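The values are calculated or read from the model by the stated rules, or taken from the named source; none is laboratory data. All figures in this text were calculated on a predicted structure; none of them were measured in a lab. No Cβ is skipped: glycine too gets one built from the backbone with ideal geometry, and neighbour counts run over all protein chains shown. Heads up: the accessible areas ignore ligands, DNA and RNA and are worked out on the full protein's heavy atoms, side chains in. Shrake-Rupley method; radii C 1.70, N 1.55, O 1.52, S 1.80 Å.
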Amino acid sequence: TVCVENCPVAKVEPRFPGPKQAGPDAQRFRLDGEKSVDEWVRYCSQCRRCQVACPYGVEVADIILKAQLKYSREHVSPLSSHIFANAYHLAKISSTLAPVVNRAMSSRLTGAALKLLGVADTPRLPGFCFMTMERGLRRKGTGRKVVFFHGCHLGFNRPDIGRKARDLLVMSGCRVVLPRQQCCGLPALGNGDLDMARKFALKNSLILTRYIDKGFDVVYACPSCGLTLTRDYPGILDVPGGRKIAENTYNIHEYILPLLRQRLETSGLSSLGSMEMTVAYHVPCHLRALGIGYPAAKIFEMIEGLVFTVLDDDCCGLAGTYGLKRKNQATSQR
């Protein structure tokens, strides 16, 4: 019951029986050679809250993910799954044609076409930027050597936030490098395309391990990218160098926290500064799944006048590309 109580989908979607039944309980019926018939397994959003909550350490979400991949291999996937599995390639093209694509996406005709393809009309798909992270500065700063794995959203949709994250690392005393990187592979993995996910992972592995061997650390801003790099690369994707990447990859707040503490110690200051503000901090599900605590909250504590509340009880509902599909729209909104 613990995993069911912590499953946001089971609370709002009657067609999903819950992580225990969809995972370990149903596993005994998924015999080799038998065709997968448990369509309801696709309602799992892979938030991994069940896996975090399990007191026995059962990898519930991983069992369900393998069942989802098996189902996708044996059935025709909807067009929306193919679209989102190829999100990286589509985003790369769309950012190159950003002004045209953004205008087209705002039209009713495009909205109707996307709806026919199985894409949800709410929330709206994010706009694209021509000046992507890839088109900006490739190196910046001095100090500890860091490879910044910015991911697709910061790379193509919000490079302004990506550059602020990069500059935060530089201000914390890091030499930041942005190599040409691929999607981490999670959208493909979450949409049933294991082969494509592994292709992304293999390309990234070649790039990242080369930098790690030169003394660089890998830092990510997106918890979902981080979970893929640290858990799925040495796990279900099983790429060469996956274990090395997992052992040298860090969340951005986790990484700068000791650097900021060291700055306070050497400067003799009691805080990073003052900011009269009240903040509600929503904790992403995949940050919980990483098991590194909430390092951003520890940084908040170092800012005088900042009052914050940590909201870690509920999933936001989007779950990456899950909530962008029309078939999941009602579940996501609930």
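Summary of computed values
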| read-out | value |
| --- | --- |
| Close pairs from the stretch 307-322: first touching a residue at least 12 places away in the same chain (Cβ under 8 Å) and outside any strand (DSSP E or B), partner hydroxyl-bearing (Ser, Thr, Tyr) and open to solvent by 50 Å² or more (accessible area, probe 1.4 Å), Cβ under 9 Å, at least 6 apart | Asp312/Tyr294 |
| Selection count where residues are farther than 15 Å from Leu168 by Cα, part of a helix (DSSP H, G or I) and acidic (Asp, Glu), scope the stretch 209-265 | 4 |
| Ser36 more than 23 Å from the chain's Cα centre (by Cα), surrounded by fewer than 20 Cβ atoms within 10 Å (Cβ to Cβ) and among the polar types (S, T, N, Q) | yes |
| Among (1) under 24 Å from Lys203 (Cα atoms); (2) in contact with a strand residue (DSSP E or B) (Cβ under 6 Å, 6 or more places away or on another chain); (3) not in a strand (DSSP E or B), the one test that Val170 misses | (1) |
| The stretch 34-61 residues that are in contact (Cβ under 8 Å) with a residue 60 or more places away in the chain, paired with ones that are among the aromatic types (Phe, Trp, Tyr) and in a helix (DSSP H, G or I) (beta carbon under 8 Å, 6 or more apart) | Ser45/Tyr322; Gln46/Tyr322 |
| Checklist (1) modelled with pLDDT under 95; (2) open to solvent by 30 Å² or more (accessible area, probe 1.4 Å); (3) over 20 Å from the mean Cα position of the chain (by Cα); (4) among the hydrophobic types (A, V, I, L, M, F, W, C) applied to Leu311, failing item | (3) |
| Among the candidates Gly241, Gly323, residue that is of a type in the set (Gly, Ala, Ser) and on the phi > 0 side of the Ramachandran plot | Gly241 |
| Scan of the stretch 135-145 for residues that are out of contact with any helix residue (DSSP H, G or I) (no Cβ under 6 Å at 6 or more places or on another chain) and not in a loop (DSSP other than H, G, I, E, B), ordered by number | Arg135, Arg139, Arg144, Lys145 |
| Within the stretch 50-134, helices (runs of 4 or more DSSP H) holding 3 or more residues that are loosely packed, with under 13 Cβ neighbours inside 10 Å | 98-105, 108-116 |
